[in-house]
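Following this message is one structure expressed as C-alpha cells.
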Amino acid sequence: PLDTNDRQVPQMWFRHAYWYDINRDTDYKAKMKNLQGSVYAGGTVHPFSSLIPAGKYYAEHPEYFSELENGQPCLTNPEVFDIVLANVRANLEKMPGARIVSVSQNDNENYCTCANCHAVTVEEESPMGPLLRFVNAIADEIKDESPNVLVDTLAYQYTRALPSITRPRDNVQIRLCGIECCYNHAINDSGCKINRKFMEDLKAWSEVSEHLAIWEYTTNFENYCAFHPNLEVLNDNMRTYAEHGADNIFDEGNNKGVSGEFGILKTYLLTKLQWNPYMTEEEYQYHINDFLECYYGPGWQTVRDLLDRITANALKYSGHVLAIGTGDHAPYYGFEPDEIEEIKKAWADARDLALDDAQRLHFDRSYVSILMAEIAYYRYYDIYDKSYTQIALNL
C-alpha cells in the first residue's frame, strides 16, 4: 500500500559480499543493499605495501623493515610511524567523505623481530602487540582532524590473538579474519577443534573493541569450481558475529570469474544475512529454495537435493572443510563414480525442464562443479585411466 513505511536499520552498517557476479552488477548490488560507494580512504586491506612501500625505502633504509626484503615494516621505528601517518593523512585528504582508513599488515608473516619489536611482542604475549600500539598511535593523531573516521586493522594469522596489555582505541576497528576456520562446522561449534580457538579470539576481541569487523571466507580458494559445503553454517556464523557485536562484514568469495560453485546462490544468501543476521532457520531455508526455484526453474528440487547431499557427504567423509589449505579434504567429499553418474543423469533431466535459455545456462554453469567432483575422485585415488581432459569434454 502507498502509505506503507517500513524502516529498517541493519546492525551491519558495512556489508560486502565479494563475489564476481554482484561486484560487476551495480543494479543487483543496490537491490541487495550491499556496499555502495567508497567507504575506505586508500586501500582496503594489507596497505603497508603502499603506506610505506619497500620499493621506495628498502634500499636506503633496510632498518624500516623486517630482515626479509619486502617483509613487514618495523613498527617501533619512529621514522616509519611518521611516513605512515603522512600517507594516512594524504589518503584522507583525497577522500574527505571516507569512513575508514586501513593501517594493517601486508599479506605475509615476515613481521619485524628487531630488539624493540620483539620486546613488545614478549610483553604483550602476541605479535599483535606492536601492530596495535602502532595503530592506536595513528588513531590518536587523526581523531580530532577526522572524528568520523575509523582506523581499521587486521587480527589476521599471527596478529589474531588479543594482546595481554594494549586495547584498541575507540576510533580503531579490529577486523578479525577466520582464514584458518573450518566451514563444515559452525564457528561456535565447540566440538570443532579448529573453530574452538577462533571462537575464543572472537569473544576476547568483542569484549574490548568498540568497533568489531569480520573477514569471512566463503569459497574454496584452492579450486573456485569445487564443492564448498558451507551452506548449512552461513546462517549460524552470521548470527554469532552479530551476537558478539560485529557491525561490519566482508564475505570473500570467488571474485575471479562467473559462477564458481553455486556462487550466485551464496551471494544472494550472504547479502540477505548481512542485512538480517538474526533470521530464523525457517527464513534462511525459505530464501535458499526461493532462489533455486527462480534461478533454475521447475527442475530446482534436483539442485536442492544435490546441495543437501554435498553437505551430508562432507560431514560423513571429510570432517573439516577449510577455505585454504584443504589438501585431501577437498573437493572429493566421498562422491563415488556411480553416484556422480546418477547425479549427472538427474541433472540432465532437471535441465530439460528449464523454461528458457537463461535457466538452461544456469544449469550448465553449475554443472562444472559436478565435473570437478568427478575429477577430484580420480585425483584423490591417483587413478589416471581417465584423463582430466576426457572428463571435461563430457560437458
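The values are calculated or read from the model by the stated rules, or taken from the named source; none is laboratory data. Treat the numbers as computed from the prediction; the structure is a model and nothing was measured. Cβ coordinates were reconstructed from backbone atoms using ideal geometry, including for glycine residues, and neighbour counts include every protein chain displayed. Each accessible area value is taken on the protein alone, full model and side chains, heavy atoms only, with ligands, DNA and RNA left out. Shrake-Rupley method; radii C 1.70, N 1.55, O 1.52, S 1.80 Å.
What residue among Thr267, Asn220, Ala98 has its Cα farthest toward the positive end of the dipole of the chain, where the charges are +1 on Lys, Arg and -1 on Asp, Glu, each on the Cβ?
The residue sitting most towards the positive pole is Ala98.
Calculate, axis by axis, the spread of Cα positions in the stretch 202-285 along the three principal axes, and write the results as whole Å, longest axis first.
39, 29, 17
Rank His61, His320, His244 by mean-square fluctuation in a GNM of the chain with C-alpha springs under 10 angstrom and give only the top-ranked residue.
Sorting by GNM fluctuation, first place goes to His61.
Same structure again: Which residues' amide hydrogens lie under 5 Å from the amide hydrogen of Thr113, considering only partners 5 or more residues apart or on another chain, with H built in the peptide plane?
Close amide H contacts, sequence-distant or interchain: Glu67.
Now for a separate question. Please list, in chain and number order, the residues 5+ apart from Gly71 or on another chain whose amide H is under 5 Å from its amide H, with Hs placed from the backbone.
The list, which skips near neighbours in sequence, is Ser66.
Then there's this: For the chain, what is the charge dipole size about the Cα centre, in debye to the nearest 20, if Lys and Arg each add +1 at the Cβ and Asp and Glu each add -1 at the Cβ?
That gives the chain a dipole magnitude of about 440 debye.
Placing unit charges on C-beta atoms (Lys and Arg positive, Asp and Glu negative, everything else neutral), compute the dipole magnitude of the stretch 104-163 about its Cα centre in debye, rounded to 20.
Here the size comes out at about 120 debye.
Same structure, new question: Give the lysines whose C-alpha is closer than 19 Å to that of Lys256, dropping any in the same chain fewer than 8 places away, or say none.
Straight-line reach from Lys256, under 19 Å: Lys29, Lys266.
Which residue, Leu150, Tyr295, Met279, has the largest displacement toward the positive end of the dipole of the chain when charges sit on each Cβ (Lys, Arg +1; Asp, Glu -1)?
Leu150
Quick query: amide H of Gln173 versus all other amide H atoms, modeled in the peptide plane; which residues come in under 5 Å with a sequence gap of 5 or more or a different chain?
Those lying under 5 Å, H to H, from Gln173 are Val151, Asp152, Thr153.
Starting at the first residue of the stretch 16-24, write each ³J(HN,Hα) from the Karplus equation 6.51 cos²θ - 1.76 cosθ + 1.60 with θ = phi - 60°, in whole Hz, x for Gly and Pro.
Listing the rounded values in order: 9, 9, 8, 10, 3, 5, 6, 5, 10 Hz.
In degrees between 0 and 90, to the nearest 10, how far off the longest principal axis of the chain does helix 231-243 point, with axes built from Cα atoms?
Its long axis makes an angle of about 30 degrees.
As an exercise, identify the GluC sites (Glu not before Pro) in the stretch 112-185 lying in DSSP coil whose Cβ has no more than 11 other Cβ atoms within 10 Å.
Within the stretch 112-185, the qualifying GluC sites (Glu not before Pro) (loop, at most 11 other Cβ atoms within 10 Å) are Glu145.
Could you tell me the relative contact order of the chain? Use alpha-carbon pairs under 8 Å, at least six residues apart, and round to a whole percent.
16 percent
Another question about this same structure. Treating only the Cβ of Lys, Arg, Asp and Glu as charged (+1, +1, -1, -1), what charge dipole size does the stretch 1-141 show about its Cα centre? Round to the nearest 20 debye.
Rounded to the nearest 20 debye, it is 780 debye.
OK, next. Would you mind getting the accessible area per residue of the chain, heavy atoms of the protein chains only, 1.4 Å probe, in Å²?
Here the residues of the chain average 45 Å² of exposed surface.
Also: Using a Gaussian network model of the chain with C-alpha springs under 10 Å, which one of Tyr286, Tyr40, Tyr111 is most mobile by mean-square fluctuation?
Evaluated over the chain, the most mobile residue of the options is Tyr286.
Mind telling me which of Val122, Val135, Val172 comes out most flexible in a GNM of the chain, alpha-carbon contacts under 10 Å?
Val122
Would you mind giving the average projected area, over all directions, of the Cα convex hull of the chain in nm² with one decimal?
Computing the convex hull of the Cα atoms and averaging its projections yields 23.1 nm².
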